1. Under 5 Å between amide H atoms, partner at least 5 residues away or on a different chain: which partners does Thr184 have, H built in plane at 1.01 Å?
2. Please list, ordered by chain and number, the residues whose modelled amide H lies under 5 Å from the amide H of Gly129; skip anything fewer than 5 residues away on the same chain.
3. Kindly provide the Kirkwood hydrodynamic radius of the stretch 1-65 in Å, to one decimal, from all pairs of distinct alpha carbon atoms.
4. Within the chain, which is the longest segment that contains none of the GluC sites (Glu not before Pro) sitting in a DSSP loop with at most 14 other Cβ atoms within 10 Å?
5. Quick check: at a probe of 1.4 Å, how many percent of the accessible area of the chain sits on carbon and sulfur atoms?
6. Under a 1.4 Å probe, what is the accessible area of the chain per residue, stated in Å²?
7. For the stretch 52-59, in order, what is each residue's ³J(HN,Hα) by Karplus, 6.51 cos²θ - 1.76 cosθ + 1.60 with θ = phi - 60°, in whole Hz (x at glycine and Pro)?
8. Per DSSP H run of at least 4 residues, take -39500 (n - 2.57); add these up for the chain, divide by its residues and hand me the 222 nm value, nearest 500 deg cm²/dmol.
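The values are calculated or read from the model by the stated rules, or taken from the named source; none is laboratory data. Because the structure is a prediction, the values reported are computed rather than measured. Because the Cβ atoms are built from the backbone with ideal geometry, glycine has one as well, and the counts that use them run over all protein chains shown. Just the protein is used for accessible areas: all its heavy atoms, side chains included, with ligands, DNA and RNA removed. Shrake-Rupley method; radii C 1.70, N 1.55, O 1.52, S 1.80 Å.
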Amino acid sequence: MKSVSGAGVVVTGAGSGIGAALARRFAAEGARVVVNDINAEAAAAVAGSCGATAIGADAASEEGVAALVSSARSELGEIDLFCANAGLARAGGPETHEADWDACWQVNVMAHVRAARLLIGPWLERGQGHLICTVSAAGLLTMPGSAPYSVTKHAALAFAEWLALTYAHRGLTVQAICPQGVRTPMLAGSGAAAELLLFDSAIEPEVVAEATIAGIADGQFLILPHPEVAGMYAGRAAETDRWLRGMNRLQQGLESAQ
Ligand SMILES: NC(=O)c1ccc[n+]([C@@H]2O[C@H](COP(=O)([O-])OP(=O)(O)OC[C@H]3O[C@@H](n4cnc5c(N)ncnc54)[C@H](O)[C@@H]3O)[C@@H](O)[C@H]2O)c1
């Protein structure tokens, strides 16, 4: 798919932030859009603002994903593009409570696995299907101060890569959106490290939607609304110890600023 015009599209976690901007932009481009959120009122408000359909559901649990995919298919026919966008951020290291680690795992990773499980069969039969996962630059690099977020976003990227390499020759397109800071309620609630590291270069969610439209047209796996992330990712791979030393200096800077 090079354009979303006329496509049946589902965006999870679209009652707010990046998901809302994606849903509105896709609708403006002529897509038939399902706006999902666990907060049904927020989903209804965004859907009402852009002529889309709201489906309130938990986009992470097995039952919630099954209900969402089946209601979306009733609404759209087969789903052409599924955007696994819902995500959670939790600050802290290994001491972070089990429940918070689990919440990040469920929403940032298993939501994508469960959606793919239901989507891929019919997509392979049709010989086409498109999945876009909202990951994060934290999935390519890391996020100081937030181990559960960094670890689960790396896992989300690994799963998207695995799907892309496994199904590319059978008509499936898989892409990963990896922004740094985006001005949404998530960023506003992400604490001091995020504020110090991300606020200055933060972009509006509409810029992420613009980059996604361009990314769908060019088909590259990574959609980078902050283009400078490509160089950081290459540096991490090429000179891992140098990159880790730089990140440790950043960590020390954060500790002395707090
Ligand atoms: N804001 C940033 O700086 C930033 C940067 C990189 C990546 N991201 C990623 O972008 C995505 C969207 O984040 P955002 O900044 O728009 O956050 P946000 O908090 O503004 O919106 C997230 C939405 O997801 C919904 N949600 C949470 N759990 C859900 C579930 N189980 N099922 C359905 N909906 C659920 C929430 O109700 C909320 O409306 C996330 O995956 C996030 O990790 C955000």
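1. Here nothing satisfies the definition.
2. Thr173
3. On the way: mean 1/r = 0.0885 Å⁻¹.
In the stretch 1-65 this quantity evaluates to 11.3 Å.
4. Details: sites that count: Glu78, Glu95, Glu228, Glu239.
Longest stretch, sites excluded: 96-227.
5. Details: 6160 of 11380 Å².
Carbon and sulfur atoms account for 54 percent of the accessible area of the chain.
6. On the way: 11380 Å² over 258 residues.
For the chain, the per-residue accessible area is 44 Å².
7. Using θ = phi - 60°, the values come out as 9, 10, 9, 10, x, 6, 7, 7 Hz.
8. Numbers: 11 runs with 137 residues, N = 258.
Per the formula, -16500 deg cm²/dmol.
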